[in-house]
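Structure first, then comments.
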Amino acid sequence: MFSIDGPIGVFDSGYGGLTILRGIRKLLPQYDYIYLGDNARAPYGNRSFDIVYQFTLEAVNELFSRGCPLVIIACNTASAKALRSIQQRDLPGIDPTRRVLGVIRPTVEVLGQLSSGGHVGVFGTPGTIASQSYDIEIAKLYPDFVTTGQPCPMWVPLVENKEADGPGADYFVHKYISRLLEADPKIDSVVLGCTHYPLLIDKIRQYMPAGIRIIEQGDIVAASLCDYLQRHPEMESRLTRGGTVEYLTTENPDKFNDLAALFMHSEVNASRL
Ligand code: DGL
């Protein structure tokens, strides 16, 4: 099959994947990237499997049509609900030389080094937690671990309404941490299993008891991608190296740019898809 060179595609339901892109660009600034946020149809967190799968497949095809040989699904909900089907069912028919990777597996892989006692908590959207994707992946790699999921339906709206520093955030961060620790008082590590949650990190640190490790995904996914490219020179050689980022959103670009700057810690100039 004809193989083309191009940028790395990074997809998210909206803004959250920008925390992953930031981590990836810090480690791998030499490549070109296209970020696609499906803001017009976000959030995905409460949507059904079928719909998240359909939207994610559309996004992957869009990024493929723009020449990306490799796409990172930088959204836990989409990784949980769509990645496996796309990898196993769709990709062989679309173009078996391209790759689609997610964020859950790389996060789970490092838990063995990060968890001191094998009691792991996972914060995520209702969709991610209901899918039990973390529980399943953790059980495969670490059968002795105890995994407890805690849905946090209010955390994404708090971030998107710029209330991450407000009193509402205190209430809901404290509430979900307490619930998790009531469910398993032995928890030693918690995964922020949603790409928005790093924006609540100050509050999460404030209410998390000392000694419990808080695991953010940006640097972990970046290190995993770096390792993947070293092990797959046939893919690495297909990536263009201009150091650029193109931002695409399905919503109004001005609206996107405003909040995206908070996630990227720098100005963003998006175009409408
Ligand atoms: N990006 C999503 C995730 O990581 C959260 C936002 C949404 O619900 O669409 O799960």
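Observations
- Segment 46-70 - residue that is open to solvent by less than 30 Å² (accessible area, probe 1.4 Å) and out of contact with any strand residue (DSSP E or B) (no Cβ under 6 Å at 6 or more places or on another chain) and, of those, farthest from Phe123 (Cα to Cα): Phe64
- Yes/no for Tyr44 being outside any helix (DSSP H, G or I) and in contact with a Lys or Arg (Cβ under 9 Å, 6 or more places away or on another chain): yes
- Condition check for Pro43: within 16 Å of the ligand (Cβ to nearest atom), open to solvent by 20 Å² or more (accessible area, probe 1.4 Å) and within 23 Å of Thr128 (Cβ to Cβ): yes
- Condition met for Ala183 (within 23 Å of Thr77 (Cα to Cα), open to solvent by 10 Å² or more (accessible area, probe 1.4 Å), away from the ligand (no atom under 16 Å from the Cβ) and of a type outside the set (Lys, Arg)): yes
- Residue check, Phe55 at pLDDT 95 or above, within 15 Å of the ligand (Cβ to nearest atom), out of contact with any His (no Cβ under 9 Å at 6 or more places or on another chain) and assigned to a strand (DSSP E or B): no
- Within segment 10-38, the residues that satisfy the criterion of being more than 14 Å from the ligand (Cβ to nearest atom) and either on the phi > 0 side of the Ramachandran plot or assigned to a strand (DSSP E or B) (or both) are Tyr33, Ile34.
- Segment 1-31, residues that are under 12 Å from Leu63 (Cβ atoms) and open to solvent by 10 Å² or more (accessible area, probe 1.4 Å): Pro7
Residue by residue, here is whether (1) under 18 Å from the mean Cα position of the chain (by Cα); (2) not aromatic (Phe, Trp, Tyr) holds:
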residue: Asp5; (1), (2): no, yes
residue: Leu18; (1), (2): yes, yes
residue: Ala42; (1), (2): yes, yes
residue: Phe55; (1), (2): yes, no
residue: Ser65; (1), (2): no, yes
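- Number of positions in segment 202-258 that are polar (S, T, N, Q), in a loop (DSSP other than H, G, I, E, B) and exposed (fewer than 12 other Cβ atoms within 10 Å of the Cβ): 2
- Test result for Gly121, under 24 Å from Ser85 (Cα atoms) and open to solvent by less than 20 Å² (accessible area, probe 1.4 Å): no
- Taken over segment 98-137, the criterion of being small (Gly, Ala, Ser) and not in a loop (DSSP other than H, G, I, E, B) is satisfied by Gly112, Gly121, Gly124, Gly127, Ala130, Ser131, Ser133.
- Of the criteria (1) farther than 27 Å from Gln150 by Cα; (2) in a helix (DSSP H, G or I); (3) touching a Lys or Arg at 6+ places or on another chain (Cβ under 8 Å), which one Pro92 fails: (3)
- Count of segment 138-157 residues which are open to solvent by less than 40 Å² (accessible area, probe 1.4 Å), more than 13 Å from Ile177 (Cα to Cα) and assigned to a strand (DSSP E or B): 1
The values are calculated or read from the model by the stated rules, or taken from the named source; none is laboratory data. Worth saying up front: this structure is predicted, and the values here are computed from it rather than measured. Positions of Cβ are backbone-derived with ideal geometry, glycine not excepted, and every protein chain shown enters the neighbour counts. Surface accessibility is based on the protein's heavy atoms, side chains included, excluding ligands, DNA and RNA. Shrake-Rupley method; radii C 1.70, N 1.55, O 1.52, S 1.80 Å.
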